[in-house]
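One structure below.
The values are calculated or read from the model by the stated rules, or taken from the named source; none is laboratory data. Everything quoted here is computed from the prediction, not taken from an experiment. Cβ placement follows ideal geometry from the backbone for every residue including glycine, while neighbour counts extend to all protein chains displayed. For accessibility, only protein heavy atoms count, side chains too; no ligands or nucleic acids. Shrake-Rupley method; radii C 1.70, N 1.55, O 1.52, S 1.80 Å.
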Amino acid sequence: MEETQSVALLSDLVKIDSRNGHEEHVADRIIEELSAHGITAKKIPYADGRTNLFCELDSGKPGKTLMLTGHLDTVAANEADDWNFPPLAAHVESGKMVGRGTADMKSGLAAMVCTLIDLKTAGLPSAGKLQFLATVGEEYGAPGSRQLTQAGYVDHVDAMIVGEPTSDQIIFAHNGSIDYSVESVGKSVHSSMPEAGVNAITNLVKFINAEAHAFDDAPVSDVLGPVVHSVTVINGGDQVNSIPGFARLEGNIRPIPEFDNDKIIAGLQQIIDHLNEENDVQLKLIVDFSFFPVISDRHSQLVSLAAEAVTNTTGSDATLNVIHGATDASEYTKSANDFPIIVLGPGRWDIAHRVNEYVEIADYLHLIAAYKQIATNFLK
């Protein structure tokens, strides 16, 4: 595709409001573009207005399978915030496209679509299969990648690239992520006689104090570092002169392979069980989402080919790194099939979800070239 066509495709995707739960229109635009170039893609429905997407270029010859993947959804954008331009305008200025999802991760999606089209036009791959998955809901629980993993879409993949923004770094590992809630049930009474009630907030504070040191003795990963954990939301009480009868908090924890999701959840439950032995304490743990940590071999063929491609397309030495966020890869690793995964995409990770989110157009274009080089060399 010409550069102007590639930029136009990205612009079209950014202009579509695909906040979590409204992804189908993005899938339709991608299908339209692929179809115009002779590539058939199919929808894998998830719910009304929500569909995953799958397509492949099959060489018809034996060989490996490389999967490109990304998510269709974005976080919401509020125009009342301090956006310099409307968040769905895909405004281009000074070599940047500004808008919700430009970095996270419509530029990655568009770059992968352009890669499929360009390789199809060139009569590639010469062996094996190049596949593409686009998913719903990555920003809130990753139900799309979970559905696709359970349906077997990655059971025969030999390597995968997740197109999240990485600032040209090749990410070979990332933490998992656990979102949890704790509910506290007390007894509401007038604040003039607190001894007659049970303060649900006070009991939540007991959990917060215990959680702060619950993982002090957890091992530290040589690759990902320590377990990172925080209580991030707390709600309770109705009015200032009543003892709160209910309170709730939310927390987030970043697991590592050496201290994984099961151990962390068991540790949280142990805190709850211990506190519930006290009089008038009634706490309940709810695990909202649980994503696994991902570590791939930094010496794999995929990493080597990606490093070569990034160096060739940027003119700078490629950097291998880790991140402490989580991606759809956490779900894909639940397949019985063991394969290397890297995260590599246009844009900056630290720009994602922010007001005035943007992607450098040059970054977007050279990632298309990098994807093409990786796929061509992996599938031969």
Identify, among GLN301, MET1, SER184, the residue whose Cα sits farthest towards the positive end of the charge dipole of the chain, taking +1 on the Cβ of Lys and Arg and -1 on the Cβ of Asp and Glu, with the dipole about the Cα centre. MET1
Relative to the longest principal Cα axis of the chain, at what angle does helix 361-378 sit, 0 to 90 degrees, rounded to 10? 70
Length gained if ASP262 through GLU3 is fully extended, taking 0.36 nm per residue and subtracting the Cα-Cα distance, is 88.6 nm
May I ask you to give the percent of accessible area on the range 1-120 that is carbon plus sulfur, with a probe radius of 1.4 Å? 46
Taking only the alpha carbons of the chain, the radius of gyration and the largest Cα-Cα distance, Dmax, both in angstrom, are 23.1, 80
Regarding the range 5-113, what is the average projected area of its C-alpha convex hull, in nm²? 8.0
Taking PHE292, PHE54 and ranking on accessible area (1.4 Å, protein atoms only), highest first, one gets PHE292, PHE54
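Which net charge results for the neighbourhood of GLY49, defined as the other residues with beta-carbon distances under 9 angstrom from its beta-carbon, given Lys and Arg at +1 and Asp and Glu at -1?
On the way: positive: ARG50; negative: GLU23, GLU24, ASP48.
With Lys, Arg at +1 and Asp, Glu at -1, the net is -2.
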At what distance in nm do the modelled label points of GLU93 and VAL240 sit from each other, each positioned 7 Å from its Cα along Cα→Cβ? 4.4
How much accessible area does GLU250 have with a 1.4 Å probe, in Å² rounded to the nearest 10? 60
Taking the solvent-accessible surface of protein heavy atoms with a 1.4 Å probe, what is the per residue accessible area of the range 177-291 in Å²? 53
Which distance in nm do the two modelled labels at VAL355 and GLN150 give, with both placed 7 Å along the Cα-to-Cβ direction? 3.9
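Relative to the Cα centre, what is the charge dipole magnitude of the range 24-74, using +1 at the beta carbon of each Lys and Arg, -1 at the beta carbon of each Asp and Glu, and rounding to the nearest 20 debye? Intermediate values should be presented prior to the final figure.
On the way: 6 positive and 8 negative charges, 54 e Å.
It works out to roughly 260 debye.
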Of all accessible surface on the range 170-318 at a 1.4 Å probe, what whole percent is carbon and sulfur? 48
Among ILE256, THR311, TYR358, the residue whose Cα sits farthest towards the positive end of the charge dipole of the range 248-380, when +1 is placed on the Cβ of each Lys and Arg and -1 on the Cβ of each Asp and Glu, is THR311
Can you run phi through the Karplus equation (6.51, -1.76, 1.60; θ = phi - 60°) for the range 167-172 and list ³J(HN,Hα) in whole Hz, with x for Gly and Pro? 6, 6, 7, 9, 8, 9
Using 0.36 nm per residue, how much length does the chain from LYS380 to LYS43 gain when fully extended, once their Cα-Cα distance is taken away? 118.5 nm
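Give me the net charge for the shell around GLY144: Cβ to Cβ below 13 angstrom, other residues only, Lys and Arg +1, Asp and Glu -1. Display every interim value, and only then the final one.
Values: positive: LYS43, ARG50, ARG146; negative: GLU23, GLU24, ASP73, GLU138, GLU139, ASP328, GLU331.
For residues surrounding GLY144, the net value is -4.
Viscosity 1.306 mPa s, temperature 10 °C: give me the Stokes-Einstein translational D for the range 177-291 in µm²/s, with Rh taken as the Kirkwood radius over C-alpha pairs. Please report the intermediate quantities before stating the final value.
Values: Rh = 14.9 Å.
Calculated translational D: 107 µm²/s.
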Radius of gyration and Dmax over the Cα atoms of the range 252-380, both given in Å: 20.2, 68
Please give the charge dipole size of the chain, origin at the Cα centre, charges +1 on K and R Cβ atoms and -1 on D and E Cβ atoms. Round to the nearest 20 debye. 840
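So if each residue of separation counts as 0.36 nm, and I subtract the Cα-Cα distance between GLU308 and ASP17, what length gain in nm does that give?
That works out to 101.2 nm of additional length.
For the range 6-71, which trypsin sites (Lys or Arg not before Pro) are both in a DSSP coil and crowded by at most 10 other Cβ atoms within 10 Å? Let's see the in-between values first.
On the way: sites: LYS15, ARG19, ARG29, LYS42, LYS43, ARG50, LYS64; in loops: LYS15, LYS64.
Nothing satisfies the criteria.
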Need one number: nm distance between label points at THR319 and ALA76, each 7 Å from Cα along Cα→Cβ, rounded to one decimal. 3.5
Express as a percent, rounded to the nearest 5, the fraction of DSSP beta bridges in the chain (both residues included) that run antiparallel. 70
When the dipole is taken about the Cα centre of the range 177-291, and only Lys, Arg (+1) and Asp, Glu (-1) are charged at their Cβ, what size is it in debye, to the nearest 20? 340
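Could you provide, to the nearest whole Å², the per residue accessible area of the range 304-380 with probe 1.4 Å?
Values: 2980 Å² over 77 residues.
Value for the range 304-380: 39 Å² per residue.
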LYS129 - accessible surface, heavy atoms, 1.4 Å probe, Å² rounded to 10: 70
Okay, helix-only estimate at 222 nm for the chain: each DSSP H run of n ≥ 4 adds -39500 (n - 2.57), divide by all residues, round to 500 deg cm²/dmol; what do you get? -9000 deg cm²/dmol
